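Values quoted throughout were computed directly from the atomic coordinates according to the rules given, and no laboratory measurement underlies them. Fair warning: this is a prediction, and the values are worked out from it, not measured in the lab. Note that each Cβ is placed from the backbone with ideal geometry, even for glycine, and that neighbours are counted across all protein chains shown.
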């Protein structure tokens with residue numbers, strides 16, 4: 001089952017507060033800016049992960065699981081809501097510790113018991129001015145990670161500076177034909193954004209003819225990008241070759257060549273569309289390429305990443321991910 005939220009591209013989306021009855025199992029139930037349900041269905045407790053994310057996890061509590069104190073300040077452009085949650089003990093086990101701030105060009109940290117790694121990948125910064133940091137905000141339920149990245153970059157308006165990302169460490173090295181599903185959830189937002197921001201938010205999947213191949217190397221056959229957002233006119237490599245409907249959504253399909261591999265990119269067909277609450281199976285994107293562009297089902301999926309590519313951000317931009325998970329089944 002697929003659920004997506006489409007948001008018009010804007011610096012900050014201002015949503016009216018509303019009340020939902022109860023949040024479903026594993027759903028978000030609190031955090032800064034959260035306007036949805038703050039209580040969970042029976043047998044589940046709203047469990048604090050960090051200031052930006054609380055989740056319904058299995059358990060019981062003798063008192064109300066989450067007590068929220070909310071203060072709201074408004075200007076003509078921005079409404080800021082701060083929520084502090086007090087939680088009780090439940091039977092759920094979560095690792096909610098905040099990680100160190102990664103600031104080095106290739107700084108990496110293992111997440112969720114080694115399922116993922118957070119990489120502050122600043123591969124394209126030579127000759128340009130700016131900085132970027134990345135930080136884990138905790139792992140919940142064993143597989144759901146919250147994280148953020150903050151950056152400023154100037155110069156080279158058509159040059160990608162970085163790809164700070166979460167990459168998967170498990171379930172890889174399978175052929176497309178042997179994969180049953182690639183379920184993923186990615187809930188994110190810009191909490192601050194430069195007025196001249198040019199950037200994408202995207203998945204990056206890598207295929208190789210060898211199960212021991214790697215991404216962005218001479219062993220790579222294909223790079224498949226799935227763009228959830230394109231701010232400031234950012235565009236994929238190559239040119240548009242088709243429009244496809246996948247999982248019920250309309251995507252512009254781009255084809256190009258980078259180094260020694262072919263790149264296929266899926267970008268929302270409407271320039272005003274962003275997928276900020278994305279929950280889908282990514283396998284249909286691969287089978288679409290198999291059916292329409294001759295990508296062999298014997299190709300191996302050797303790397304799966306999710307991150308952001310900034311081109312320009314002369315003032316501070318922060319991308320917050322409140323929930324991210326992916327698996328290859």
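Which order, highest average first, do 157-169, 135-147 follow once you tally other Cβ atoms within 10 Å for each residue and take the mean per peptide?
Values: 157-169: 19.8, 135-147: 22.3.
By packing density, highest mean first, the sequence is 135-147, 157-169.
Could you sort 260-269, 293-302 so that the peptide with the highest average Cβ count within 10 Å comes first and the rest follow in order?
260-269, 293-302
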